[in-house]
Structure formats: structure tokens, C-alpha cells
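Notes for the one structure printed next.
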Amino acid sequence: MEYNESEFLIETEVPYDEVITSRTDLKGNITYANEIFCEISGYSLEELLGKPHNIVRHPDMPKSVYKELWDTIKSGNQWIGVVKNLRKDKGHYWVKAIVSGVYKDGELVEYKSLRTPIEYDEKLEHQKLYDKMRKENGEKTRRVIYE
Ligand SMILES: Cc1cc2nc3c(=O)[nH]c(=O)nc-3n(C[C@H](O)[C@H](O)[C@H](O)COP(=O)(O)O)c2cc1C
């Protein structure tokens, strides 16, 4: 994927008084997203419904983070982690996500995610951590020159 770097580096601030929510089927296809999810990601609900949730995957995120997420939720546990997501316009936004199962009459029917904002220090810490993880795992790395 090619990015115009100036667009790619633009961060969208996630509001503190809202929760960004989405749900997926058991394969990770989006079945619901709330209004604030659409606003922050830059997609309309129609564009999101039925699409794999990796539609908002940012290339800075190491593969292993999502492997851990899926291993955790498939084993019936709740996964909490810091995620950098890609907007439709190639900007990004950082969130803390809580992903878990949705149960109906005791049966797992969907997965859901609730996302809240994080502080600057936590973003910086995770950017460095994820850069390191991608490098160690031989995944694509991106050089950004901070002035
Ligand atoms: C409920 C739920 C919410 C998810 N939310 C995100 C998300 O916000 N961003 C993201 O990149 N992946 C999210 N994922 C993980 C994706 O399904 C996917 O595993 C990830 O984007 C990596 O893509 P890949 O599996 O194609 O490598 C979510 C999964 C579930 C079940």
C-alpha cells in the first residue's frame, strides 16, 4: 500500500466522553458499529457492515498483537490492548480496546469491542514497542523522521 506520508501522519483525537463500539460475527466481519466509530474511522456504516474488521488495521500494528487478541477471545477470555487504527483517509487514531464475546442464552454468537482514548505517553510507548516488535519479527517497518 502506498501512502501520502503527510496524510498518513495525521492523528484523529478520540473524545473522552464517548465509547467507540463495534461488533463482529465469529469470523471478524463487522455486524455493527456505532456513530462515533463511523465518525472516527471516516467510514459510513454501509461501508463497514459485512467487511472484515481489518478494514481499519494500521500497518504499524504487529501481526502478533492480533494473533494474541484472537487466541484470547476464542478461548473465552477478554482481551485488553492498545491499538493504532487506520482511518479511511489514511490518518490514524489510538485507542485502548476491550474485546470479548457476546453471549445469547449462554452461546457465543458475536464478538464486541469497546474503545476509549489513551494519553500521549501511552501512545508513544506503544508506537516504540510496536516498531520494535515488527522489526524483531521481520515485518515491514516504516521510518518516520520526528523533528
Ligand atoms: C470485536 C472485534 C474488534 C476488532 N477491532 C479491531 C480494530 O479496531 N482494529 C483492528 O485492526 N483489528 C480489530 N480486530 C481484529 C481484526 O479482526 C483482525 O484480526 C486484525 O485487524 C488483523 O488483521 P488480519 O487478521 O487480517 O491480519 C477486531 C476483532 C474483533 C473480533
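The values are calculated or read from the model by the stated rules, or taken from the named source; none is laboratory data. As the structure is a prediction and not an experimental result, all values here were calculated from the model. Backbone-built Cβ (ideal geometry, glycine too); neighbour counts: all protein chains shown.
Here are some notes:
- Given (1) more than 17 Å from residue 29 (Cα to Cα); (2) exposed (fewer than 12 other Cβ atoms within 10 Å of the Cβ); (3) within 13 Å of the ligand (Cβ to nearest atom); (4) of a type outside the set (S, T, N, Q), number of the condition residue 138 does not satisfy: (3)
- Cβ-Cβ contacts under 8 Å between residues 6 or more apart (or on different chains), taken from a first residue in region 103-120 that is farther than 15 Å from residue 27 by Cβ to a second residue that is more than 16 Å from the ligand (Cβ to nearest atom), are listed as 116/16; 117/13; 117/15; 117/16.
- The residue that is farthest from residue 97 (Cα to Cα), counting only those in region 53-62 that are more than 6 Å from the ligand (Cβ to nearest atom) and out of contact with any helix residue (DSSP H, G or I) (no Cβ under 8 Å at 6 or more places or on another chain), is 59.
- Filter result (more than 10 Å from the ligand (Cβ to nearest atom) and either surrounded by 16 or more Cβ atoms within 10 Å (Cβ to Cβ) or modelled with pLDDT of 95 or more (or both)) within region 89-115: 90, 91, 92, 94, 96, 103, 104, 105, 107, 108, 109
- For region 7-27, filtering for residues that are within 13 Å of the ligand (Cβ to nearest atom) and not in a loop (DSSP other than H, G, I, E, B) leaves 5.
- Residue within region 74-81 that is surrounded by fewer than 19 Cβ atoms within 10 Å (Cβ to Cβ), under 11 Å from the mean Cα position of the chain (by Cα), under 14 Å from residue 117 (Cα atoms) and touching a residue at least 12 places away in the same chain (Cβ under 8 Å) present: yes
- Taking residues in region 45-70 that are under 11 Å from residue 130 (Cβ atoms), and partners anywhere that are near the ligand (Cβ under 6 Å from one of its atoms) and modelled with pLDDT of 95 or more, the pairs with Cβ atoms closer than 9 Å and at least 6 places apart or on different chains are 58/83; 58/85; 61/83; 61/85; 65/83.
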